[in-house]
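Rule-based calculations on the coordinates, nothing more; no lab input. Note that the structure is a prediction, hence the values are computed from the model and not measured. Using ideal geometry, Cβ is built from the backbone for each residue, glycine included, and neighbour counts are taken over all protein chains shown.
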Amino acid sequence: MERKRILITGAAGFLGSHLCDRFIKEDYHVIAMDNLITGRLKNIEHLFELENFEFHHHDVSKFIHVSGKLDYILHFASPASPIDYLKIPIQTLKVGSLGIHHCLGLAKEKGATLMIASTSEVYGDPDVHPQPETYWGHVNPIGPRGVYDEAKRFQEAMTMAYHTYHGLDTKIVRIFNTYGPRMRLNDGRVLPAFIGQALRGEDLTIFGDGSQTRSFCYVDDLVEGIYRLLHSDYNQPVNIGNPDEISIKDFAEEIINLTGTTQKVVYKDLPVNDPQQRQPDISLAKKLLNWEPKVTRAEGLKLTYNYFKSLSKEELNEKEHYNFDKYIKS
Ligand SMILES: NC(=O)c1ccc[n+]([C@@H]2O[C@H](COP(=O)([O-])OP(=O)(O)OC[C@H]3O[C@@H](n4cnc5c(N)ncnc54)[C@H](O)[C@@H]3O)[C@@H](O)[C@H]2O)c1
């Protein structure tokens, strides 16, 4: 039987690379696309020798061409951490608007099913807790996070318009905080930040008083949810995340216990528009996809810590992402 062909944008990033692994495992032909602005070839280099894997170094905010048939497109390209999208705000807006337009055009031409990586950030700093898909959000469009949040909201609107107007088969996954191997240590997200600080022998920094909560989903659970949603006939947004909520203060304690660091916790001012609470309501995913997270935080953290421990000294001490300067003018 002929292999299914899938295009994954943002394939060299954290989630994109795990998606490549999963679809290769399912015997798809994977066409990976990335401009490497925040991603790394290292995340996918183990796939290069495979005949059912190809890599295209390309910016999806520019016109996309893929020859041959395409069954699926996963649009995951986008800077995803606050440090990234604050440094490259225009690229973030472009990949969420021009990028999705190009992907949708390609999906229409090929008759492919398209999924977008949306985010819990579409709910902004929510005044409803936990957040169900029916909640419309509480977003400051011109706040520092606006470039990301509004790009993702536009992306959802555009995707829905292609579904209703052109009858395209589209899926919207609203991803909540996800973690696991191949995250970047210095991408500004709390989990790699704490582990990185512990590994470098630095104090763990909490922004605000640490009472703000987060819920973390292990990457394998997320990928399973994405796989099921892609193969469902549901076209409305679906939350995928782990509802197991923890305060940042308690989370710092967990990391201290996990890593055995003797460093202490220090407190700094909370950034503007940092959400106080984040917790997905996953009733819909449970009902629709028979999905719920399986990996406990203790198990997932251990796997992630082992990955970070295996990094070289240079990677452990890398402060800035090295590709920004090269791409900043594009
Ligand atoms: N990780 C999370 O917890 C999380 C939560 C919600 C949503 N998401 C979404 O999932 C997707 C992947 O996030 P991630 O955590 O893997 O981030 P990441 O930064 O590791 O990966 C993003 C990838 O997209 C690539 N990219 C960015 N702009 C591009 C462009 N114009 N053309 C081609 N490639 C481009 C980057 O080089 C990188 O490889 C993003 O769309 C993000 O918004 C992630």
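With (1) closer than 24 Å to Ile172 by Cα; (2) within 13 Å of the ligand (Cβ to nearest atom); (3) without any contact (Cβ under 8 Å) to a residue 24 or more places away in the chain as the list, and Lys42 as the residue in question, which single condition is left unmet?
Condition not satisfied by Lys42: (1).
Is it the case that Lys69 is of a type in the set (Lys, Arg), within 9 Å of the ligand (Cβ to nearest atom) and closer than 21 Å to Leu104 by Cβ?
On the way: of a type in the set (Lys, Arg): yes; within 9 Å of the ligand (Cβ to nearest atom): no; closer than 21 Å to Leu104 by Cβ: yes.
No: the conditions fail for Lys69.
When you check Val147 against the structure, is it within 30 Å of Thr259 (Cα to Cα) and in contact (Cβ under 8 Å) with a residue 24 or more places away in the chain, yes or no?
Working: within 30 Å of Thr259 (Cα to Cα): no; in contact (Cβ under 8 Å) with a residue 24 or more places away in the chain: yes.
No: the conditions fail for Val147.
State whether one or more residues within segment 257-273 are part of a loop (DSSP other than H, G, I, E, B) and touching a Cys at 6+ places or on another chain (Cβ under 6 Å).
Within segment 257-273, the subset part of a loop (DSSP other than H, G, I, E, B) is 260-264, 269-273.
Retained after the next criterion (residues that are touching a Cys at 6+ places or on another chain (Cβ under 6 Å)): none.
So far as segment 257-273 goes, no, none of its residues is part of a loop (DSSP other than H, G, I, E, B) and touching a Cys at 6+ places or on another chain (Cβ under 6 Å).
When you check Val238 against the structure, is it within 20 Å of the chain's Cα centre (by Cα) and either under 17 Å from Arg297 (Cα atoms) or within 11 Å of the ligand (Cβ to nearest atom) (or both), yes or no? I'd like the intermediate steps shown before the answer.
Numbers: within 20 Å of the chain's Cα centre (by Cα): yes; either under 17 Å from Arg297 (Cα atoms) or within 11 Å of the ligand (Cβ to nearest atom) (or both): no.
Judged against the criteria, Val238 is not a match.
Hey, can you tell me all the residues within segment 245-273 that are loosely packed, with under 14 Cβ neighbours inside 10 Å and either of a type in the set (A, V, I, L, M) or under 22 Å from the mean Cα position of the chain (by Cα) (or both)?
Val266, Pro271, Val272, listed by residue number.
Looking only at segment 99-133, which residues are assigned to a loop (DSSP other than H, G, I, E, B) and over 27 Å from Ile8 (Cβ atoms)?
Pass one, segment 99-133, residues assigned to a loop (DSSP other than H, G, I, E, B): 111-112, 125-130, 132-133.
Hits for segment 99-133 are Asp125, Pro126, Asp127, Val128, His129, Pro130, Pro132.
Cβ-Cβ below 7 Å, separation at least six or inter-chain, first residue in segment 58-73 and of a type in the set (D, E, K, R), second within 13 Å of the ligand (Cβ to nearest atom): which pairs?
Asp59/Asn35; Asp59/Ser330
Taking Ala80, is it in contact with a Phe, Trp or Tyr (Cβ under 9 Å, 6 or more places away or on another chain) and either under 20 Å from Thr113 (Cβ atoms) or more than 14 Å from the ligand (Cβ to nearest atom) (or both)?
On the way: in contact with a Phe, Trp or Tyr (Cβ under 9 Å, 6 or more places away or on another chain): yes; either under 20 Å from Thr113 (Cβ atoms) or more than 14 Å from the ligand (Cβ to nearest atom) (or both): no.
No.
Whether any residue in segment 49-56 is charged (D, E, K, R), more than 8 Å from the ligand (Cβ to nearest atom) and within 22 Å of Leu311 (Cβ to Cβ) is what I want to check. Lay out the reasoning, then the answer.
Going through segment 49-56, the residues charged (D, E, K, R) turn out to be 49, 51, 54.
Among the residues that remain, those that are also more than 8 Å from the ligand (Cβ to nearest atom) are: 49, 51, 54.
Then keep just the ones that are within 22 Å of Leu311 (Cβ to Cβ); that gives none.
No, that holds for no residue.
Restricting to segment 165-203, what's the tally of residues that are within 12 Å of the ligand (Cβ to nearest atom), among the small types (Gly, Ala, Ser) and surrounded by fewer than 21 Cβ atoms within 10 Å (Cβ to Cβ)?
1
If we keep just the residues of segment 1-39 that are outside any helix (DSSP H, G or I) and hydroxyl-bearing (Ser, Thr, Tyr), which is farthest from the ligand (Cβ to nearest atom)?
For segment 1-39, the residue satisfying everything is Tyr28.
Okay, residues lined up against (1) surrounded by fewer than 22 Cβ atoms within 10 Å (Cβ to Cβ); (2) in a loop (DSSP other than H, G, I, E, B); (3) polar (S, T, N, Q); (4) within 15 Å of the ligand (Cβ to nearest atom):
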{"site": "Tyr135", "(1), (2), (3), (4)": "yes, yes, no, no"}
{"site": "Asn140", "(1), (2), (3), (4)": "yes, yes, yes, no"}
{"site": "Met160", "(1), (2), (3), (4)": "yes, no, no, no"}
{"site": "Thr205", "(1), (2), (3), (4)": "yes, no, yes, no"}
